[in-house]
Amino acid sequence: MKHGERRAYLFLEDGTLVEGRAFGAEGSTVGEVVFTTGMTGYQETLTDPSYFRQIVTFTYPLIGNYGLAPGVGQSWRVRAAGVIVREAAAPSHWRSAETLDEYLRRQGIPGMDGVDTRSLVRHIRVHGTMKGVLIAQAPGERALDLESMEQRLRTPAPGDHVSRVTAREPYRLPGRGRRVAVVDYGLKHGILESLLRRNCDLYVVPAFTSAEEILALRPEGVVLSNGPGDPRDISEAVEIVRRLLGRVPLFGICLGHQVLALACGGETEKMRFGHRGCNHPVKDLATGRIMITAQNHGYVVSRDGLPESLELTHLNQNDGTVEGLRHRDLPAFSVQFHPEAHPGPDDAAELFDRYLQMIDAWTAAARKEIIHA
């Protein structure tokens, strides 16, 4: 540690202590320590609400190397609780407006660099994700109170993360096309951009808006967004989706996928270390096509015991976990990955087109039924 550099510490709940250099804001934070495998897209990652209350470790060694730019974030601020990198690099890019250090300082988020992130990621892969305390000290600060850190790790965090990141009020993003309601469980801007690009008339509603209030908007379809945490902590949202099934076409993404599965009688389970990054291979079982997808989740729909009403449509090529489902009788399907990417490739973007085709087919069938009534 050079003279004048700030110290940083990560203390994991299994007793592991990692030391490094502090950058970003001074102070401490508690969260689930996870890792993400994307080589780019750090600004989109840090602002993704699915990372709420998580300390994000980046596997790529140079983070911050192309700076931070306006209009790139996936929400209005950093949502991750803390940041761990091998090197907080100096930026070199024409769009860069500030460094990663400046960005995190401005938003009050502590960071830690100078870490052997390969070793830390191996530890998480072997032992699973776990809670940690990250402390970014002020200049000259030396004392480290391990007892206080242990106490903070023993303090349970509130279970419902969604209520902390959802929209407080409904709002509209007008378009000339199909009217779509988007349920915000921790919505990424990329989902809205993908729908607006297809001329959808969007009504964004908070996570726990009732089925009756959603249907009162007269939507032609409802999208269930991504979001943070355990889907079993938001049973109210599951019941709302259950009441929407069969009344309007549904498309679930990430947490929305898990909520839809629970509403249909499925089960979810926590993964050892989850899928996070923009390089995860997924197989479309109908076409045999392999897509490289963006993912960010620590829970998954259980493959065993899937209800008869749900058909498996996509599988993860690395570990065989459930990546997509379709209702056999009702207009509803979902994927565990992010078809809007941000960051990541757009291999799966056509799923938005597939959803709009489902809306059109449902609308045409309803009109035909009215004519023949």
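Values quoted throughout were computed directly from the atomic coordinates according to the rules given, and no laboratory measurement underlies them. Owing to the predicted nature of the structure, the values given are computational and were not obtained by experimental measurement. Because the Cβ atoms are built from the backbone with ideal geometry, glycine has one as well, and the counts that use them run over all protein chains shown.
Brief remarks on what is shown
- Cα gyration tensor shape of the range 162-372, rounded if a/c is under 1.5, else prolate or oblate by comparing a/b with b/c: rounded
- Ranking 42, 280, 8 by how far each Cα lies toward the positive end of the dipole of the chain (charges on Cβ) leaves 42 at the top.
- Additional length obtainable on full extension of the chain from residue 196 to residue 212, 0.36 nm per residue less Cα span: 3.3 nm
- Most mobile of 293, 47, 321 in a GNM of the chain (Cα contacts under 10 Å): 321
- Rounded to the nearest 20 debye, the dipole magnitude of the range 162-372 is 380 debye, with +1 charges on Lys and Arg beta carbons, -1 on Asp and Glu beta carbons, and the Cα centre as origin.
- Whether the range 310-360 is rounded, prolate or oblate, judged on the alpha carbon gyration tensor where a/c under 1.5 counts as rounded: oblate
- Given charges at beta-carbon only (K, R positive; D, E negative), |dipole| of the range 7-154 in Debye: 240 debye
- Magnitude of the charge dipole, the chain, Cβ model with Lys/Arg +1 and Asp/Glu -1, debye to 20: 480 debye
- With a Förster radius of 30 Å applied to the beta-carbon distance between residue 235 and residue 363, the computed FRET efficiency rounds to 0.45.
- Loop-resident sites, the range 293-327, for GluC sites (Glu not before Pro), counting at most 13 other Cβ within 10 Å (DSSP): 308
- For the range 190-254: rounded, prolate or oblate by the Cα gyration tensor [a/c cutoff 1.5]: oblate
- Residue among 304, 116, 347 with the largest mean-square fluctuation in a Gaussian network model of the chain, springs linking Cα atoms under 10 Å: 304
- With a simple spin-label model that places each label point 7 Å from the Cα along the Cα-to-Cβ direction, the separation between residue 14 and residue 127 comes to 0.4 nm.
- For the range 280-290, the Karplus equation 6.51 cos²θ - 1.76 cosθ + 1.60, evaluated at θ = phi - 60°, returns couplings of 9, x, 10, 9, 7, 5, 6, 10, x, 6, 9 Hz by residue, with Gly and Pro reported as x.
- Those aspartates and glutamates that a straight Cα-Cα span of less than 12 Å connects to residue 188, excepting residues fewer than 8 apart in one chain: 44, 48, 340
- At full extension, residue 354 and residue 77 could sit 96.6 nm farther apart than now, given 0.36 nm per residue minus the alpha carbon distance.
- Cβ-defined net charge surrounding residue 19, 11 Å radius [Lys, Arg +1; Asp, Glu -1]: +1
- For the chain, with +1 on Lys and Arg beta carbons and -1 on Asp and Glu, the positive-most of 351, 115, 84 along the dipole: 351
- Annotation for residue 143 and residue 286: the two label points, set 7 Å from Cα along the Cα-Cβ direction, are 6.3 nm apart.
- Spin-label pair residue 308-residue 26: with each label point 7 Å from Cα along the Cα-Cβ axis, the two points sit 6.5 nm from one another.
- Taking other residues whose beta carbon is less than 12 angstrom from the beta carbon of residue 68, and scoring Lys, Arg as +1 and Asp, Glu as -1, yields -1.
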